[in-house]
Amino acid sequence: MGILQNILEQVINGLRSGSIYALIALGYTMVYGIAKMINFAHGDIIMVGAYALYVGLAIFHLPAVGAVLLSIAICTILGVGIERIAYKPLRSAQPLAVLITAIGVSFLLQSLSLLIFGATPIPQASIVGFDGIKIGGISISGITIVTLIVTTICMASLTWFINKTKLGSAMRAVSEDKGAAELMGIDVNKTISLTFAIGSALAAIAGILYVCQYQSLKPTLGAMPGIKAFVAAVLGGIGSVPGAMLGGIILGLIESLSKAYISTELSDAIVFGILVLVLLIKPSGLLGKIRKEKV
Amino acid sequence: MKNRQTDKQLIKNIAITIIIFIIVESLLYGGLLSRQFRSLLIPVCINVILAVSLNLTTGFLGELTLGHAGFMSVGAYTGALVTLNMNLPMAIEFPVALFAGGIAAAIFGVIIGVPVLRLRGDYLAIVTLAFGEIIKSIINSMKITNGAMGLSGIELHANYKHFAYVFALTVITIFAIKNMVHSRQGRAVCAIRDNYIAAEAVGISVSRFKVMAFVVAAFFAGIAGVIYSHNVGTLKPTTFDYNKSIEILVIVVLGGMGSIRGSVIAAIILTVLPELLRSADEFRMLLYAIVLIVMMIFNSSQIKQRILSSEILSRLRRVKKEA
Amino acid sequence: MKKVKKIMALGLAATLTFASMTGCSSKSDTNSGSNSDSGTASGTSDETFVIGGIGPLTGDAASYGISVKQGAEIAVKEINEAGGVKVGDKTMQLELKFEDDQATADKAVTAYNTLMDGGMNVLLGCVTTGSCLAVVDLAKEDNILMLTPSGSAAEITKNDNVFRLCFTDPLQGETMAEHMITDLHYKNIAVIYKNSDEYSTGVYEAFAAKVAELGGTITTAEAFADGEDFNTQLTSIKGTDAEAIFAPIYYNDAAHVVTQAADLSITLPFFGSDGWDGILDTVTDKATVEGATFLSPFFSGEETAADFVANYEKAYNTTPDQFAADGYDGVYVFKSALEQAKTTESADLISAMTQIKVDGLTGTGISFSATGEPQKAAKFIKIENGEYAAAK
């Protein structure tokens, strides 16, 4: 086994986890762009998506496609519901209040799933049917291929949606200037709901891919991917959709390579260290815009 | 006139403190306190210190910090290493440990205080969370802290037998932070919270006060950590995780952000209540989550204003005045 | 307004102190005996003997505590239904009081004190190492007999009143190293372990030392702190010339490791520590663990365990793991200590511990040395055709 081959395999590992981070980071970045808040509960929506898939498959005995749709539907409704019930009353409140509420929602989802499903991890088999492929001694697993394809499709269609459709333009307008968008006849509430719906649907897909990869469920499964995806969103420039994709991939690569060649113990510290560095040197991230605070 | 009033208040506060102390001590030495409650005395004090110090940054400064447990762990480990390596009588060893733990945490407070100069709100919250995680994984990989195995056999210099010292430390913390809030600097800190740009425009040196608030909060969190390590006798890096930081935040939110008295009462309630309801512990986290959400929505909604200004309340007030 | 607030605050404080006062005075009446007469935990009713238990019932480690509790409950029920324990010329009933510590040291201390308020005679606990270390000195002060079912760090048994039912971490590491090198003739072994866990690190360190002593090589020791992704570590292992992988970790982490190893087409045989027990219910594809060998004191497929397994499954709807077996055996150890000592005095119970021999689920003829360690043989369990089977 050559060293080169090993590096290549680590890069593939990084791309796989990075593309999942990118998917989650999109949710953070879109919500931040429009509602100007960090949706702390976003990581836990991944968890709900994963459990919904399990419930669909193991309890209702749905076919795989049905369970996937059920999971996406539940997360979309949940995302919109959370926004309506918990965040909307606080739209004019201090950012601190919104942030604490979001932490509360995150805790609420976690403790509810703990009460319903228990702390013991639940095994759930992958729904990806086919085995991996081998290219010149490098083996790529089936789930890795599926993850890469699914995330690419999601990102491409999201980019098309935001740039080419009317609703997409409305979203961009609201994120640019809420007041002006409202004056132009855009329904701000509806647009914010739509953003939460899309972000949560992407989180559900991330949750499904997560289950297929790791094949086990626990109530806290969304916390770490959620926080790391947030780091990815900041790295790419929060509020920027291409930035979130780029940030996710870069973060996945950094994490995988630092684990392999620097230290597994310190890889988390390295990831968070990057966050701190980016925020200190270039708070707007790689592709983000600089915003000035006005009185 | 004003001065006399504050003096009166001070005397009253001191009197209340002494009365509480005498009650607890007599219960303790009269053997009236069950062992369960005896073992809660120190955790209550620790949580009071943690909540009051977090209140300084979150309540008064208005910046959410999610890494308070990180400061606590720095203090706990530093203090524990001091006593484990010194082998001197407690009267020398423990004050040194307290001081070292507090200072070490304060140094980390400075390190976090620097990004604070550039960041606000959401970003700052995430950076403090990241710092907490970094501290945890560094402690976990260091030789001197014994990594994942943690430290054990730390002398119990702060268990219930030494309640008097711990109580004194708690009171000192409360008074120190209270004084800081009511001082010129403290009013500046509040001004920063209420309007950052306006405060800067009037000539308040925003950066200096912000960093100072962070350092003071970190210092006291470190002190709480030293007490923790000398109460339990063992330390593990996983004790001081994100959940611990959130637990302290829940205390501050329940007590009311910016209210020191609220923090003290909430810390007592949230330490004692879970013990009384041991069997229902599964619901504790759920309850914390609901406290966070409901308190926030309630605080910023019209309901609170309406209740405060409602007929019933004003009538009550009138009745009281007449009586 | 301010006054109202202040009065309310004072009122609240007053009610709280009052509540705590009344809460305790009623309790301290019943067991003032156990508080005052230093050490002897007798003084409560002659008819019931209280076994206290401490372990995580909520939180991440909850499954271990729940298993120990349920295993102990089965044993207590069995003994009581059979008429109780003969202590000298009296017959006593057993009672189990189990308190949650969420696997944290500070909660373990309050749990211990709560149990002492409840008149605990002996302590079955703690389940986790960190909690044990926080409680050992308190138990020494009260001179309470303490038997940890699963706390495996070496320094837990430093006091003479503490005994252990499970293997120590170093013993497990050494036994496995000997098995892999002397019996199976492996030379190059890769390790994956959890460095944020004292159990995993303890087993790994002893294993590494023994492998070096026996002339083997550890090609790479991959650590992880938390999380579910082991692709990086496994890819690194794949890049070495290891012949086998030793993974001293708990079954939920091990399930991730074997699943991802299969994804990366790693076909090396796996070896595990006793934390692997339960892995067959955790993996989604049993082929991924086929041929894996691990150490366990307990094997649910054994004939001697059939009754216990049937009762356990009937009561709790799941198959018992080794923690449940440890809890069950722990109660029977107390029973023989009581029969041997013929009294409930702590000091006599402690000295009886080194004289007894117990046939349990986790070993036959278990005895205890004065240093608190159990004398029992380790069982190697191999997964064959998707079932646990006794190896060797």
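The values are calculated or read from the model by the stated rules, or taken from the named source; none is laboratory data. Note that the coordinates shown come from a computational prediction; the quantities given were computed from them, not determined experimentally. Please note: Cβ atoms are built from the backbone with ideal geometry, for glycine as well, and neighbour counts cover all protein chains shown.
Would you confirm, using the coordinates I've provided, whether B:Asn47 is of a type outside the set (Gly, Ala, Ser), in contact (Cβ under 8 Å) with a residue 40 or more places away in the chain and either within 14 Å of B:Ile227 (Cβ to Cβ) or assigned to a helix (DSSP H, G or I) (or both)?
yes
Out of the residues in the stretch C:189-208 that are within 10 Å of C:Pro170 (Cα to Cα) and of a type in the set (Phe, Trp, Tyr), state the one that is farthest from the other protein chains (Cβ to nearest Cβ).
Per the stated criteria, the residue is C:Phe207.
Results for (1) in contact with a Leu (Cβ under 7 Å, 6 or more places away or on another chain); (2) more than 14 Å from chain A (Cβ to nearest Cβ), shown as yes or no for each residue.
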residue: B:Asp122; (1), (2): yes, no
residue: B:Ile138; (1), (2): no, no
residue: B:Leu156; (1), (2): no, yes
residue: B:Arg184; (1), (2): no, yes
residue: B:Cys190; (1), (2): no, no
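Quick check on my filter: what residues within the stretch B:24-46 are at pLDDT 90 or above and surrounded by fewer than 16 Cβ atoms within 10 Å (Cβ to Cβ)?
None; the set is empty.
Suppose we filter B:Ile49, B:Ile11, B:Ile19 for residues that are closer than 27 Å to B:Lys244 by Cα and surrounded by 10 or more Cβ atoms within 10 Å (Cβ to Cβ); which single one remains?
Numbers: B:Ile11 fails: closer than 27 Å to B:Lys244 by Cα; B:Ile19 fails: closer than 27 Å to B:Lys244 by Cα.
From the options B:Ile49, B:Ile11, B:Ile19, the qualifying one is B:Ile49.
Taking the stretch B:196-241 on its own, how many of its residues are outside any helix (DSSP H, G or I), surrounded by fewer than 20 Cβ atoms within 10 Å (Cβ to Cβ) and within 11 Å of another protein chain (Cβ to nearest Cβ)?
Total satisfying the criteria: 1.
Of the conditions (1) touching a strand residue (DSSP E or B) at 6+ places or on another chain (Cβ under 6 Å); (2) free of Cβ contacts under 8 Å to residues at least 24 places away in the same chain, A:Ile122 clears all except one; give me its number.
Going through the list (1) touching a strand residue (DSSP E or B) at 6+ places or on another chain (Cβ under 6 Å); (2) free of Cβ contacts under 8 Å to residues at least 24 places away in the same chain, A:Ile122 breaks only (2).
Which of the residues that make up the stretch C:327-359 are farther than 14 Å from C:Ile51 by Cβ and acidic (Asp, Glu)? Walk me through how you get there before you give the answer.
Of all residues in the stretch C:327-359, those farther than 14 Å from C:Ile51 by Cβ come to C:339-343, C:345, C:347-348, C:350-359.
Matches in the stretch C:327-359: C:Glu339, C:Glu345, C:Asp348, C:Asp359.
What's the total number of residues in the stretch A:172-211 that are closer than 20 Å to A:Cys154 by Cβ and without any contact (Cβ under 8 Å) to a residue 12 or more places away in the chain?
Qualifying residue count, the stretch A:172-211: 1.
I'd like to know if the stretch A:77-86 contains one or more residues that are in contact with a Leu (Cβ under 6 Å, 6 or more places away or on another chain), crowded, with 17+ Cβ neighbours inside 10 Å and closer than 29 Å to B:Ile126 by Cα.
No.
Okay, residues lined up against (1) within 12 Å of chain C (Cβ to nearest Cβ); (2) more than 30 Å from C:Thr318 (Cα to Cα); (3) surrounded by fewer than 17 Cβ atoms within 10 Å (Cβ to Cβ):
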| position | (1), (2), (3) |
| --- | --- |
| A:Ala119 | yes, no, no |
| A:Gly129 | no, no, yes |
| A:Ile133 | yes, yes, yes |
| A:Gly137 | yes, yes, yes |
| A:Val150 | no, yes, no |
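Report whether or not B:Lys178 is surrounded by fewer than 18 Cβ atoms within 10 Å (Cβ to Cβ), of a type in the set (D, E, K, R) and either in contact (Cβ under 8 Å) with a residue 24 or more places away in the chain or on the phi > 0 side of the Ramachandran plot (or both).
On the way: surrounded by fewer than 18 Cβ atoms within 10 Å (Cβ to Cβ): yes; of a type in the set (D, E, K, R): yes; either in contact (Cβ under 8 Å) with a residue 24 or more places away in the chain or on the phi > 0 side of the Ramachandran plot (or both): yes.
Answer is yes for this residue.
Conditions tested, residue by residue: (1) among the hydrophobic types (A, V, I, L, M, F, W, C); (2) without any contact (Cβ under 8 Å) to a residue 40 or more places away in the chain; (3) closer than 28 Å to C:Thr235 by Cα.
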| position | (1), (2), (3) |
| --- | --- |
| A:Ile46 | yes, no, yes |
| A:Leu78 | yes, no, no |
| A:Ala93 | yes, yes, no |
| A:Leu96 | yes, yes, no |
| A:Val128 | yes, no, yes |
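Conditions tested, residue by residue: (1) assigned to a strand (DSSP E or B); (2) touching a Gly at 6+ places or on another chain (Cβ under 9 Å); (3) more than 7 Å from chain A (Cβ to nearest Cβ); (4) surrounded by fewer than 19 Cβ atoms within 10 Å (Cβ to Cβ).
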{"position": "C:Lys210", "(1), (2), (3), (4)": "no, yes, yes, no"}
{"position": "C:Gly215", "(1), (2), (3), (4)": "no, no, yes, yes"}
{"position": "C:Asp229", "(1), (2), (3), (4)": "no, no, no, no"}
{"position": "C:Leu234", "(1), (2), (3), (4)": "no, no, yes, no"}
{"position": "C:Ala254", "(1), (2), (3), (4)": "no, yes, yes, no"}
{"position": "C:Ala261", "(1), (2), (3), (4)": "no, no, yes, no"}
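Test each condition in (1) surrounded by fewer than 22 Cβ atoms within 10 Å (Cβ to Cβ); (2) touching a strand residue (DSSP E or B) at 6+ places or on another chain (Cβ under 7 Å); (3) among the small types (Gly, Ala, Ser) for B:Gly150 and report the one that comes out false.
(1)
I'd like the full set of residues that are surrounded by fewer than 24 Cβ atoms within 10 Å (Cβ to Cβ), out of contact with any strand residue (DSSP E or B) (no Cβ under 9 Å at 6 or more places or on another chain) and over 24 Å from A:Ile72 (Cα atoms), limited to the stretch A:1-35.
The answer is A:Met1, A:Gly2, A:Ile3, A:Leu4, A:Asn6, A:Ile7, A:Gln10, A:Val11.
Can you pull out every residue in the stretch C:242-252 that is within 11 Å of chain A (Cβ to nearest Cβ) and crowded, with 22+ Cβ neighbours inside 10 Å?
C:Tyr250, C:Tyr251
If we scan the stretch A:235-250, do we find a residue that is under 13 Å from the mean Cα position of the chain (by Cα), at the interface with another protein chain (Cβ under 10 Å from one of its Cβ atoms), at pLDDT 90 or above and within 20 Å of A:Ser141 (Cβ to Cβ)?
no
Restricted to the stretch C:80-107, and to residues that are touching a strand residue (DSSP E or B) at 6+ places or on another chain (Cβ under 6 Å) and within 14 Å of chain B (Cβ to nearest Cβ), which residue is farthest from C:Asp348 (Cα to Cα)?
If we take residues in the stretch C:80-107 being touching a strand residue (DSSP E or B) at 6+ places or on another chain (Cβ under 6 Å) and within 14 Å of chain B (Cβ to nearest Cβ), then C:Asp101 is farthest from C:Asp348 (Cα to Cα).
Can you find, within the stretch C:99-127, the residue that is nearest to C:Phe298 (Cα to Cα) among those that are modelled with pLDDT of 90 or more and among the polar types (S, T, N, Q)?
C:Asn121
Can you tell me which residues in the stretch C:307-343 are surrounded by fewer than 23 Cβ atoms within 10 Å (Cβ to Cβ) and polar (S, T, N, Q)?
Answer for the stretch C:307-343, where residues must be surrounded by fewer than 23 Cβ atoms within 10 Å (Cβ to Cβ) and polar (S, T, N, Q): C:Asn311, C:Asn317, C:Thr318, C:Thr319, C:Ser336, C:Gln340, C:Thr343.
When the residues of the stretch B:242-269 are narrowed to those that are outside any helix (DSSP H, G or I) and away from chain C (no Cβ under 13 Å), which ends up farthest from B:Leu287 (Cα to Cα)?
Among residues in the stretch B:242-269 that are outside any helix (DSSP H, G or I) and away from chain C (no Cβ under 13 Å), the one farthest from B:Leu287 (Cα to Cα) is B:Gly258.
For residues in the stretch C:263-282 being assigned to a helix (DSSP H, G or I) and at the interface with another protein chain (Cβ under 9 Å from one of its Cβ atoms), which is nearest to C:His179 (Cα to Cα)?
Restricting to residues being assigned to a helix (DSSP H, G or I) and at the interface with another protein chain (Cβ under 9 Å from one of its Cβ atoms), the top hit is C:Asp281.
Going by the conditions given, is A:Phe130 part of a helix (DSSP H, G or I) and of a type in the set (Phe, Trp, Tyr)?
For A:Phe130, the condition - part of a helix (DSSP H, G or I) and of a type in the set (Phe, Trp, Tyr) - is not met.
As an exercise: evaluate A:Gln215 against (1) within 14 Å of the chain's Cα centre (by Cα); (2) on the phi > 0 side of the Ramachandran plot; (3) within 11 Å of another protein chain (Cβ to nearest Cβ) and give the number of the one condition it does not meet.
For A:Gln215, the exception is condition (1).
Which residue out of B:Gly101, B:Gly132, B:Gly109 is closer than 30 Å to B:Ile18 by Cβ and buried (at least 23 other Cβ atoms within 10 Å of the Cβ)? Show your work before the answer.
Values: B:Gly132 fails: closer than 30 Å to B:Ile18 by Cβ; B:Gly109 fails: closer than 30 Å to B:Ile18 by Cβ.
After ruling out the rest, the residue left standing is B:Gly101.
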